[in-house]
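Working notes, structure below.
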Amino acid sequence: MAQPPSPSTIFTLTFFHFLLFTHATKNPDFHSLLAFKTTTDTSNKLTTWNITTNLCTWYGVSCLRNRVSRLVLENLDLHGSMEPLTALTQLRVLSLKRNRFNGPIPNLSNLTSLRLLFLSYNNFSGEFPESLTSLTRLYRLDLADNNLSGEIPVNVNRLSSLLTLKLDGNQIHGHIPNINLSYLQDFNVSGNNLSGRVPELLSGFPDSSFAQNPSLCGAPLQKCKDVPALASSLVPSSSSIMSRNKTHRNGGPRMGTLVLIAIILGDVLVLAVVSLLLYCYFWRNHANKTKERKEEESNSKNVEGENQKMVYIGQQGLEKGNKMVFFEGVKRFELEDLLRASAEMLGKGTLGTVYKAVLDDGSVVAVKRLKEINISGKKEFEQRMEILGKLKHSNIVSLKAYYFARDEKLLVFDYMVNGSLFWLLHGNRGPGRTPLDWTTRLKIATQTAKGIAFIHNNNLTHGNIKSTNILINVSGNTHVADFGLSIFTLPSKTRSNGYRAPETSLDGRKNSQKSDVYAFGVLLMEILTGKSPSSAADSGAGVELPKWVQSVVREQWTAEVFDLELMRYKDAEEEMVALLKIAMTCTVTVPDQRPKMSHVVKKIEELCDVSMCHDSVCESPSMSEDACGGAIN
């Protein structure tokens, strides 16, 4: 027969459970989560939510610095109110999709750190919650397929970082306000009771974003009937005339023939005036557009210097029999098309000038015209181009085509509409400028590292890493440009530019993968400090950025290193310090002590795990909700 537990054993177990309970309740989010489970989880789906375990290990819960930062509880048959969750002040991600929550959405203004909010496929009712418009860090807001009513508030424009706004499948009525959100990518208000005209700023979204709103009109839906409505309001209809005549017949004096003729002539005159005004309006617009087009054509013919048409840039070096060589198997244009294209100079570098070229069909490419390069002949050039043309990666600028002649060499790339990291960091600093936020900087650093690592994995060296060669495309993704061309640099053209490793300062042609790592480390410091390597120190020019950073850190003033524009992200200071340490490791003087780029990528990705970078990548303006679905679902 089993012996009953001794009093000491009972005491030990009781004390142990007491300690666990005490430890759990020390977390300020403990009681809020437990209250939420008690009121919403009547089916007991959240079995791991108990006092014997750390709440940061509970199902659907993620923590950052021992506070709940992410709560994903989808399709669990939860119901009732989500009110207890309003106390989770450090929450960044909240997804309660496909449950049975009901009633109005509570006041969420305390969740000031919230980035992602997904409440679709529930039974929430009431009007659009005004408290949501105060969550200025919000990137994605999905309230689709609920029972929300009322109107869309114009205050939604406060959510200046919003990428996703989904309100489809509700009972929202009224007009769509003039929503002006620069980064908005996903927008859907279909299946509501909206009316009026689609605002022009939203007309670029597909018609599916506005479908099943019978009283909604304007691009991309059917055209609004404004002109007929205007005419009918100004010109009396035949029915109104008949009604008028009927009134006279029934009681008033009978209308004379002259009066009737005067009314008809007046109607005709009003209609003629309206028609003339409309004709003048449309004719003036047409004339202005024609005039502008002629002026543009005239300007493009008369421009002199570097910004003239490509025909003046490269025609002198053409040779018979030489053709454009394309790498994707499809010839997108002829050489003559490129030479006829209007061109705008984007910048000059050691190897030549880069232009933005607009072809006759409206497509845009970037063209690099190589000048004063060190090359032995056509074969060497073609061999290098074949190597570069085969490289394809989401974080490099792929070479699309090239042209070779003795006196003219052109490289063609995709045009990156959002410019360079240099401009994002240093361009137009001052009032009215939108600062580059921490999430975007970390994302750019991560994607740049991946692009350089890919180049290194193909046994190549970049040789010219700097912020002007880190480009951002229309989707906000980072692409490394100008790689693999440093072997063509003339000895007289090599000079220190603030990114060069000490071993290459005398001869830039001696670049290696280790010197690339050094340059990337300087780039990280530029991202963190907001300082250009050419003007690193406030006290005097000529001080290298790595040396300045090391001197500040040595004096234990680490916080003084960071860009003032980053000081508002207090919750990210640990990640900034960690990235700074990676940068300092990359910029050590001895090349062999620098890490490989593949290792650097791994370290940054580990940092991303700590700082919820997976969510941050989804939150930044480059990614759609579909692309980051794996991080939420």
Legend entry - Where residue 136 falls short, out of the listed (1) surrounded by 16 or more Cβ atoms within 10 Å (Cβ to Cβ); (2) under 21 Å from the mean Cα position of the chain (by Cα); (3) part of a loop (DSSP other than H, G, I, E, B); (4) among the hydroxyl-bearing types (Ser, Thr, Tyr): (1)
Legend entry - Exclusive hit being over 28 Å from the mean Cα position of the chain (by Cα) and not small (Gly, Ala, Ser), set 110, 66: 66
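Test residue 121 against the criterion of being over 21 Å from the mean Cα position of the chain (by Cα) and farther than 26 Å from residue 197 by Cβ, and give yes or no.
Numbers: over 21 Å from the mean Cα position of the chain (by Cα): yes; farther than 26 Å from residue 197 by Cβ: yes.
In short, yes.
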Inset, instruction - Mind listing just one residue for me: the one in the stretch 83-108 that is in contact with a helix residue (DSSP H, G or I) (Cβ under 7 Å, 6 or more places away or on another chain) and within 20 Å of residue 47 (Cβ to Cβ) and, of those, surrounded by the fewest Cβ atoms within 10 Å (Cβ to Cβ)? - result: 84
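Can you find, within the stretch 325-368, the residue that is modelled with the highest pLDDT among those that are among the acidic types (Asp, Glu) and over 15 Å from residue 401 (Cβ atoms)?
Going residue by residue through the stretch 325-368, those that are among the acidic types (Asp, Glu) are 328, 334, 336-337, 344, 360-361.
Checking the rest, the ones that are also over 15 Å from residue 401 (Cβ atoms) come to 344, 360-361.
On the way: 344: 83, 360: 77, 361: 77.
Filtering first and then ranking leaves 344.
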Inset, instruction - Just name the residue that is surrounded by the most Cβ atoms within 10 Å (Cβ to Cβ) out of those in the stretch 424-453 that are closer than 30 Å to residue 372 by Cβ and at pLDDT below 90. - result: 425
Inset, instruction - Would you mind stating whether residue 369 is crowded, with 18+ Cβ neighbours inside 10 Å and basic (Lys, Arg)? - result: yes
Inset, instruction - Inspect all residues belonging to the stretch 215-223 and state whether any of them is modelled with pLDDT of 70 or more, closer than 18 Å to residue 157 by Cα, in contact with a Pro (Cβ under 8 Å, 6 or more places away or on another chain) and part of a loop (DSSP other than H, G, I, E, B). - result: no
Inset, instruction - Would you confirm whether any residue within the stretch 344-365 is part of a strand (DSSP E or B), touching a Lys or Arg at 6+ places or on another chain (Cβ under 8 Å) and of a type in the set (Asp, Glu)? - result: yes
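State the number of residues belonging to the stretch 42-93 that are of a type in the set (D, E, K, R) and either in a strand (DSSP E or B) or not assigned by TED's automatic domain parsing to the domain that holds residue 114 (or both).
Final tally of qualifying residues: 2.
Return yes or no: is residue 516 under 24 Å from residue 415 (Cβ atoms), at pLDDT 85 or above and either buried (at least 22 other Cβ atoms within 10 Å of the Cβ) or among the hydroxyl-bearing types (Ser, Thr, Tyr) (or both)? Before the answer, list the steps.
Working: under 24 Å from residue 415 (Cβ atoms): no; at pLDDT 85 or above: yes; either buried (at least 22 other Cβ atoms within 10 Å of the Cβ) or among the hydroxyl-bearing types (Ser, Thr, Tyr) (or both): yes.
Against the criterion (under 24 Å from residue 415 (Cβ atoms), at pLDDT 85 or above and either buried (at least 22 other Cβ atoms within 10 Å of the Cβ) or among the hydroxyl-bearing types (Ser, Thr, Tyr) (or both)), residue 516 does not qualify.
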Inset, instruction - Output yes when any residue across the stretch 165-187 is in contact with a strand residue (DSSP E or B) (Cβ under 7 Å, 6 or more places away or on another chain), outside any loop (DSSP other than H, G, I, E, B), under 26 Å from residue 87 (Cα atoms) and not acidic (Asp, Glu), and no when none is. - result: yes
Inset, instruction - Please give the helices (runs of 4 or more DSSP H) falling wholly within the stretch 548-633 in which 3 or more residues are among the hydrophobic types (A, V, I, L, M, F, W, C) and modelled with pLDDT of 70 or more. - result: 573-586, 597-610
Inset, instruction - Answer yes or no: is there a residue in the stretch 334-342 that is closer than 27 Å to residue 450 by Cα and buried (at least 17 other Cβ atoms within 10 Å of the Cβ). - result: no
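Output yes when any residue across the stretch 396-409 is among the basic types (Lys, Arg), surrounded by fewer than 17 Cβ atoms within 10 Å (Cβ to Cβ), assigned by TED's automatic domain parsing to the domain that holds residue 346 and closer than 22 Å to residue 454 by Cβ, and no when none is. Spell out the reasoning first.
Step one: filter the stretch 396-409 for residues among the basic types (Lys, Arg), giving 400, 406, 409.
Filter once more, keeping what is surrounded by fewer than 17 Cβ atoms within 10 Å (Cβ to Cβ): 406.
With assigned by TED's automatic domain parsing to the domain that holds residue 346 added as a condition, the list becomes 406.
Next, only the ones that are closer than 22 Å to residue 454 by Cβ stay: none.
So far as the stretch 396-409 goes, no, none of its residues is among the basic types (Lys, Arg), surrounded by fewer than 17 Cβ atoms within 10 Å (Cβ to Cβ), assigned by TED's automatic domain parsing to the domain that holds residue 346 and closer than 22 Å to residue 454 by Cβ.
Of a type in the set (Ser, Thr, Tyr) and buried (at least 23 other Cβ atoms within 10 Å of the Cβ): which single residue out of 468, 489, 478 fits that description? Before you say what the answer is, go through the steps one by one.
Numbers: 468 fails: buried (at least 23 other Cβ atoms within 10 Å of the Cβ); 489 fails: buried (at least 23 other Cβ atoms within 10 Å of the Cβ).
Exactly one residue qualifies, and that residue is 478.
The values are calculated or read from the model by the stated rules, or taken from the named source; none is laboratory data. Keep in mind that what you see is a predicted model, and the values were worked out from it rather than measured. Virtual Cβ from ideal backbone geometry, glycine too; neighbours counted across all protein chains shown.
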